[in-house]
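Down below is the structure, laid out as structure tokens.
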Amino acid sequence: MLVRSLPKIHLAAATICTLIVGTTLLMVPSDEVEATRSTIKLISPQPAATADSTQTLTPRNDATATESAAQPASASEATTDHSGTEDAVPAIAEIPDEPPLIENWIEYEVRSGDSLTTLFKRAGLSARDVYQVSQATAENGALDRLYPGQTLAFLIEEGELKKLRIVEDELNSVQLERTEDGYRTERLSRTPDIRHRIVSGTIHNSLSVDADRAGLSGRMIMKMAQILGWDIDFALDIRKNDSFRVLYEEQYLDGKMIGEGEILAVEFINRGEKFAALRYTDSNGESNYYTPEGHSMRKAFLRSPVDFRRISSSFNPERFHPVLGVKRPHRGTDYAAAIGTPIKAAGDGKIIWRGTKGGYGRTIIIQHGGNITTLYAHMNSYKSGLSTGSRVKQGQVIGYVGKSGLASGPNLHYEFRVNGVHKNPVTVKLPHAEPVPAAERTAFQQQAARLIAMLDGGDTELALADNP
């Protein structure tokens, strides 16, 4: 009743006060809540484990540990408490030694039209550097000629050329290094590992096709033809079912094949006749190819003194002359070839004729020993520097194919005479060069036996073990 008798304004004020007090009481935490909050432990970040520490730090003594569990920790204590032992202090990581400096080489590949000047300019070097390097290599000629694809490597420090490496091939290079007195040059060579391989095949289409199919490279095919070329005419004599076997070297560097070496042994069966050649290096370091009996594969004369397309006219005493249209013996062999094709001396000898000789046109005649002469006709021109009386060696270029004189087209007319009598150049039995010297016979026979056994059995391991 008293409340009702109060003025309305007083009732409103009393109501507002009651709400304020109630709200305040709700916001004040109880003792239970305070106790709960006091058990929450703030964990400071732990130092990362180092090589000399474990992930679990050494605990403090028991009393300290119990006290920490019983008393609440403030935020500042949680982040700054260092009351533990020294093991709790993060270890200082050791700073590793600086790695060794690596030389930074810059390589430039020689392009068509490049010169030493353009390469040095590309590398940021001056004309003075070009001059100094040119002077340093004047004696060894390492930079006399640059070839497209060749590599020059520069080591430049603070704008100054310290080293230059001229890479000639995968095995050889020349290196220049700056010293107080200029550039010092050094030739660097690497020795490849030698492995051996045997390739064999049978002719079904042509030598080039079937040898390639068997795995023989073009280079090895040419070397085989050169070794056996005195006995087999590879342009004319090859027949279907002929066969071959070749033992040769392969060069490896860092496990990668980088090239091919020499043929050690080769066997070719042509028209049922076997021809074999073995490589032998004598005590003087000279290497040549011999038959298994020790005869030189190299004859005193080349079978064909020119690289020809075809034989346009064979040796024929009853032939009709293609230009004159009358019967006139053809006492030589005509090798058709392009104008300008080099003509080589068939053997060592002396030029006894150089000039125009009737229907032969421009002609050279060479005297070999006392009883053999060879004639080369229809030349387009002579090799400069040669004249009557000049000495020539087998394989030396003496002139160039043409069609001078009575010739129906460009070709070499080649004659072979013994004691003045014409012989068929294609079939005449050619004398051998010098055989294996007597003092080398025992060593040669041992080597020959090993190589023949390898060819017969395909045992390249024997070659690796015993072949010198």
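Worth pointing out:
- Residue check: I339 meets all listed conditions (1) of a type in the set (V, I, T); (2) at pLDDT below 90; (3) in a loop (DSSP other than H, G, I, E, B) but one, namely (2).
Okay, residues lined up against (1) farther than 26 Å from Q367 by Cα; (2) modelled with pLDDT of 90 or more:
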residue: R279; (1), (2): yes, yes
residue: S283; (1), (2): yes, yes
residue: N288; (1), (2): no, yes
residue: K299; (1), (2): no, no
residue: S314; (1), (2): no, no
residue: E318; (1), (2): yes, no
residue: H321; (1), (2): yes, no
residue: G325; (1), (2): yes, no
residue: H330; (1), (2): no, no
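Residues are listed down the side, and each one gets a yes or a no for (1) closer than 29 Å to Y252 by Cβ; (2) not assigned by TED's automatic domain parsing to the domain that holds Y289:
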{"residue": "N172", "(1), (2)": "yes, yes"}
{"residue": "Q175", "(1), (2)": "yes, yes"}
{"residue": "R178", "(1), (2)": "no, yes"}
{"residue": "R184", "(1), (2)": "no, yes"}
{"residue": "I198", "(1), (2)": "yes, no"}
{"residue": "N205", "(1), (2)": "no, no"}
{"residue": "S217", "(1), (2)": "yes, no"}
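- Output for region 92-146, where each listed residue is at pLDDT below 85 and β-branched (V, I, T): I92, I95, I102
- Qualifying residue in region 98-109 (condition: buried (at least 17 other Cβ atoms within 10 Å of the Cβ) and in contact (Cβ under 8 Å) with a residue 12 or more places away in the chain): no
- Condition met for T373 (more than 20 Å from R298 (Cα to Cα) and in a strand (DSSP E or B)): no
- Note on region 258-275: among residues that are aliphatic (A, V, I, L, M) and in contact (Cβ under 8 Å) with a residue 40 or more places away in the chain, the one that is farthest from A443 (Cα to Cα) is I258.
- Here L236 meets each of (1) touching a residue at least 24 places away in the same chain (Cβ under 8 Å); (2) buried (at least 16 other Cβ atoms within 10 Å of the Cβ) with one exception, condition (2).
The values are calculated or read from the model by the stated rules, or taken from the named source; none is laboratory data. As the structure is a computational prediction, the values presented were derived from the model and not from experiment. As a convention, Cβ positions derive from the backbone with ideal geometry for all residues, glycine included, and neighbour counts pool all protein chains shown.
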